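Quick notes on the structure that follows.
The values are calculated or read from the model by the stated rules, or taken from the named source; none is laboratory data. Every value quoted in this text rests on a predicted model; they were computed, and no experiment measured them. Here the Cβ is made from the backbone with ideal geometry for all residues, glycine too, and neighbour counts use every protein chain on show. Side chains are part of the model used for accessible areas, which takes the heavy atoms of the whole protein and leaves out ligands, DNA and RNA. Shrake-Rupley method; radii C 1.70, N 1.55, O 1.52, S 1.80 Å.
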Amino acid sequence: MKKSKKRVIPGFGLTMGVTITMLSIVVLIPLASLVVYSSQLGLREFFEVITRKRVLSSFYVSFITALGASLVNAVMGLILAWVLVRYEFPGKRIMDGMIELPFALPTAVAGISLTSLTSDQGLIGNFFAKFGIKIAYTKLGITFALIFVGIPFVARAVQPVLEKLDGSYEEAARVMGAKPGYIFRRVILPELLPPLLTGTGLAFGRCLGEYGSVVFIAGNRPYETEITPLIIMSELQEFDYKSATSIALVMLIASFLILFLMNLMQARNSKRLRGGNV
Amino acid sequence: MKNRENESKIVKYLLIGISVLFLFVMLVLPLFVVVTEALKKGWEVYVEAVTDSYTIAALMLTLKATVIAVVCNTVLGLCAAWAVTRFQFKGKKLLTTLIDVPVTVSPIIAGLIYLLIFGKQSILYPYLQKANVQIVFAVPGIVLATVFVTFPFVFRELLPVLESIGTDEEEAAALMGAKGWTIFSKITFPHIKWALLYGIVLCTARAMGEFGAVSVLSGHLRGLTNTLPLHVEILFNEFQYVPAFAVSSILVIMAVILLIIRSVMEHRGKKEGEV
Amino acid sequence: MTKKKLRSLCLAAVLGIAAFTGVCSYDAGAGSDVHIINVSYDPTRELYESYNKIFQEHWKEETGQDVDVIQSHGGSGKQALEVINGLQADVVTLALEYDINAIQDAGMIDEGWKEELPDDSAPYTSTIVFLVRKGNPKNIQDWDDLIRDDVDVITPNPKTSGGARWNYLAAWAYAQKAYNNQEDKMEEFIKKLYQNVLVLDSGARSATTSFVENGQGDVLIAWENEAFLSVQDDPDEFEIINPSISVLAQPSVAVVDEVAENRGTEDIAKEYLNYLYSDDAQRIAAENYYRPVNEEILKEYSDVFDLTMELKTIDDFSGWQEVQEKHFADGGIFDQIYGN
């Protein structure tokens, strides 16, 4: 309906121009260099490098811990956003302000302090050690660090949407006697799904590539707690650029795919929300 | 009816409880570790570590890189969000995905790609050297890496808001003959200013703390190319735990100040909105 | 309105340009006549901090010039890689000859650097020892104790840490002697040893943190100078055990010819390394727990260093190239340890 051929709003050329230029300089050209560099290996060699057992198991470790962490962050981020938007309580603003702290704290510092907390002499580790659960130097520890890294993504994606959310449908549903759980599932959740997905996707991608905090807490045992970025680092250490760039390329493709899927889902979702007449 | 109110109260306190516990364990405790470690050997050692000339140099460099990154990414965020939400064109999904890519690219890889392009092995290097421009292992590399890792932050915050406010008002204004800048500053900006602020705060926070990518590109030259997070790493690697944590605490304090400023501005803004 | 707009636009442009030029002007060592960059590895910070001071005085006396030495520290392999990638180092002072050879292979250091200075261009040496908890509760005396089932070992990953390759080789040296060069038994020994490794950190310093700060493991395989530092910090917590056999770790130094020629700092760079062999510099090395190569001065510190240990050099393992290929390359012995 609205899509008249003529663009009424000005600024397309300028904004697109700036966007494309910056994107090219900062992101596209450098990333292309990675592709060029790893293409120096033949296809067969490339597959040989990335299917080395140690590399494969590092993919697994990175994937499973990032998945775990981003799922926890999805749930906690949703709860955090909900609590911060819907409830009033003392200390709320402090809580609100704290959420970006994981960004500002250098990941190495986070790694060091989380490790000292969760090793079996630390405050948290000590508690769990009583039940025979080890956190630091296991996959659990990696997940722990990744949860820290990913906290802001989901909460900050959901929060503004929740704030903007029109209360009238919810109110209507309540008046008609719908149960809170039902209202949440059928009225609120669909609205929150797109930001929830993007937030989780971003957190997942970020967690996949995280290095600084994880190397301290992981223990870095091959096949068990060795993450992919660490493998890349060790290839570089051996001056093996080709292997390093090949593995990096796989990670890059993975993160690109995740994001693309998220954006697709989000687009489908917003279509559905608008009643499918787009 | 009463029953249900009780129920929702229980839910409320349960959710608040969960949130508080989660943030306490995941955020407060690690910060607590930072602060106690920083002050372990007393106030004097702390002050000495914080006022060390290398620390000050690192602080200045961090501020410089952060400011440039925030300016760049704010411009990009505004432009890209405007282009994506206000116009229809092919490849839109691809474009948004590409803008997001830097967040999910491992910092190690982010550093690596600039090394490949501007490093000694690159075909560009001889030209750069002739022009006497040093990018990797110098300040420009650090700035580039910082811009890269915080690339989509402002854009991400603006996108949903711009999408949700729709284009009706802007179209009306445009039809009445308003210029682009006027439309933006008079109509769009008031809607997005809080989102913009969020974005800038996020961007600043992340830029200050970036470690991995910068670490690959810095060369760790003391007093020249060390940012605060790198300085922390170096101190840590030198067994200087207390100074390392003291320097980290500067970052924590900077973050806290930043978040307080945001919170105050936001509070004022909301009050304004109510009046 | 338009005037205002114009003005703000101009302001933005000026600011942008100012920021850009500010960023691109790469001005170092302001205030001094000349500066050189020394790219080194992690544990040498205190050493070079003291050394740079006496070198500055020395250079001032010789030439009347003020010189500034800018330090960079990090993992040895990573530092070498950065030099290859364009880090403008005048001199490198790294943990391994192998890392300097890599820079040579990139064409930045002239061949024969190892013969330029005395003692294989290694002005100080170190060795690998054990750091255990006070009182040595697990009674660890030598390498064969490390493969006992009840002992947890902390050592960094030789793939990511150059220094950790010396740790590995020290163990290998013991195996060579104990099993009379029977390869399969030696591999078995190394395998058992690394199966006892609780945390395989990415660098020497994080391994020390795991052991010292986080209380992991019973024994840390460490560089002698690092072990001394830990004991110096917490004399009631740790003690050093000297194994019967270890390696003579020779951290090498070299001038990066290409950079020094470009910058015209060859003389000062050469003198910087030469002066490391002076008596004063050798004492500074000893005070930082590195073994000086000057025998006389080493004897002055015989109460600090255990001079009775049998020390193997890299030549006993047929050189770095061979070691690298056999042990640490992809599919080498170290990889096989963890392959099922």
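Restrict the check to segment A:146-153 and report whether at least one residue is free of Cβ contacts under 8 Å to residues at least 40 places away in the same chain, closer than 17 Å to B:LEU159 by Cβ and not hydrophobic (A, V, I, L, M, F, W, C). Within segment A:146-153, none of the residues are free of Cβ contacts under 8 Å to residues at least 40 places away in the same chain, closer than 17 Å to B:LEU159 by Cβ and not hydrophobic (A, V, I, L, M, F, W, C). Can you say whether A:GLU100 is acidic (Asp, Glu) and in contact (Cβ under 8 Å) with a residue 24 or more places away in the chain, as far as the supplied structure shows? Answer is yes for this residue.
Residues checked against (1) buried (at least 24 other Cβ atoms within 10 Å of the Cβ); (2) not aliphatic (A, V, I, L, M):
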| site | (1), (2) |
| --- | --- |
| B:MET176 | no, no |
| B:ILE183 | no, no |
| B:ILE192 | no, no |
| B:THR204 | yes, yes |
| B:GLY212 | yes, yes |
| B:PHE239 | no, yes |
| B:ALA244 | yes, no |
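Counting only residues that are over 14 Å from A:VAL158 (Cα atoms) and either open to solvent by 20 Å² or more (accessible area, probe 1.4 Å) or charged (D, E, K, R) (or both), segment A:70-92 holds 8 of them. The condition of being under 24 Å from C:VAL304 (Cα atoms) and either open to solvent by 10 Å² or more (accessible area, probe 1.4 Å) or not assigned by TED's automatic domain parsing to the domain that holds C:GLN321 (or both) holds for only one of C:ASN101, C:ASN136, that being C:ASN136.
Cβ-Cβ contacts under 6 Å between residues 6 or more apart (or on different chains), taken from a first residue in segment B:233-255 that is closer than 12 Å to B:VAL50 by Cα to a second residue that is surrounded by fewer than 23 Cβ atoms within 10 Å (Cβ to Cβ) and charged (D, E, K, R), are listed as B:VAL242/B:LYS40; B:VAL242/B:LYS41; B:PHE245/B:GLU37.
For segment C:42-68, taking the residues that are open to solvent by less than 20 Å² (accessible area, probe 1.4 Å) and in contact (Cβ under 8 Å) with a residue 24 or more places away in the chain, the one that is nearest to C:ALA285 (Cα to Cα) is identified as C:LEU47. I'd like the full set of residues that are open to solvent by less than 10 Å² (accessible area, probe 1.4 Å) and facing chain A (nearest Cβ under 9 Å), limited to segment B:228-237. If the condition is that a residue be open to solvent by less than 10 Å² (accessible area, probe 1.4 Å) and facing chain A (nearest Cβ under 9 Å), then B:LEU228, B:PRO229, B:LEU230, B:VAL232, B:PHE236 are the ones that fit. Could you check, for segment B:145-160, whether at least one of its residues is aliphatic (A, V, I, L, M) and either touching a Cys at 6+ places or on another chain (Cβ under 9 Å) or on the phi > 0 side of the Ramachandran plot (or both)? Scanning segment B:145-160 turns up at least one residue that is aliphatic (A, V, I, L, M) and either touching a Cys at 6+ places or on another chain (Cβ under 9 Å) or on the phi > 0 side of the Ramachandran plot (or both). Helices (runs of 4 or more DSSP H) fully within segment A:175-271 that include at least 3 residues being open to solvent by 10 Å² or more (accessible area, probe 1.4 Å) and out of contact with any Phe, Trp or Tyr (no Cβ under 7 Å at 6 or more places or on another chain): A:180-183, A:189-209, A:228-237. For segment C:217-241, the set of residues classified as among the polar types (S, T, N, Q) and surrounded by fewer than 18 Cβ atoms within 10 Å (Cβ to Cβ) consists of C:GLN232 only. The single condition among (1) open to solvent by 30 Å² or more (accessible area, probe 1.4 Å); (2) at pLDDT 90 or above; (3) within 10 Å of another protein chain (Cβ to nearest Cβ) that B:VAL47 does not meet is (3).
Per the listing B:PHE137, B:PHE118, the residue uniquely out of contact with any Ser or Thr (no Cβ under 9 Å at 6 or more places or on another chain), surrounded by 24 or more Cβ atoms within 10 Å (Cβ to Cβ) and aromatic (Phe, Trp, Tyr) is B:PHE118. Checking each residue in segment A:46-69 for being touching a residue at least 12 places away in the same chain (Cβ under 8 Å) and open to solvent by 90 Å² or more (accessible area, probe 1.4 Å) picks out A:LYS53, A:PHE63. Within segment C:84-98, the set of residues being in contact with a Gly (Cβ under 9 Å, 6 or more places away or on another chain), open to solvent by less than 10 Å² (accessible area, probe 1.4 Å) and either of a type in the set (Val, Ile, Thr) or more than 9 Å from chain B (Cβ to nearest Cβ) (or both) comprises C:LEU94, C:ALA95, C:LEU96.
Among the criteria (1) modelled with pLDDT of 85 or more; (2) farther than 30 Å from A:VAL8 by Cα; (3) facing another protein chain (nearest Cβ under 9 Å), the one B:ALA131 does not fulfil is (3). Just so you know, in segment B:238-252 the residues that are part of a helix (DSSP H, G or I) and more than 10 Å from chain A (Cβ to nearest Cβ) include one that is nearest to the chain's Cα centre (by Cα), and it is B:ILE250. Among the residues of segment A:92-121, those identified as more than 7 Å from chain B (Cβ to nearest Cβ) and more than 21 Å from B:VAL20 (Cβ to Cβ) are A:GLY111, A:THR115, A:SER119, A:ASP120, A:GLN121.
Of the residues making up segment A:93-136, those that are modelled with pLDDT under 85, open to solvent by 20 Å² or more (accessible area, probe 1.4 Å) and assigned to a loop (DSSP other than H, G, I, E, B) number 2.
So that you can scan it fast, the table gives a plain yes or no per residue for (1) facing chain B (nearest Cβ under 9 Å); (2) out of contact with any Gly (no Cβ under 9 Å at 6 or more places or on another chain); (3) among the aromatic types (Phe, Trp, Tyr):
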residue	(1), (2), (3)
A:GLY150	no, no, no
A:GLY181	no, yes, no
A:VAL187	no, yes, no
A:PRO194	yes, yes, no
A:THR200	no, no, no
A:LEU208	yes, yes, no
A:PHE260	yes, yes, yes
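When each of C:VAL219, C:VAL231, C:VAL212 is tested for being under 30 Å from C:LYS134 (Cβ atoms), modelled with pLDDT of 95 or more and over 17 Å from the mean Cα position of the chain (by Cα), the lone residue that passes is C:VAL219.
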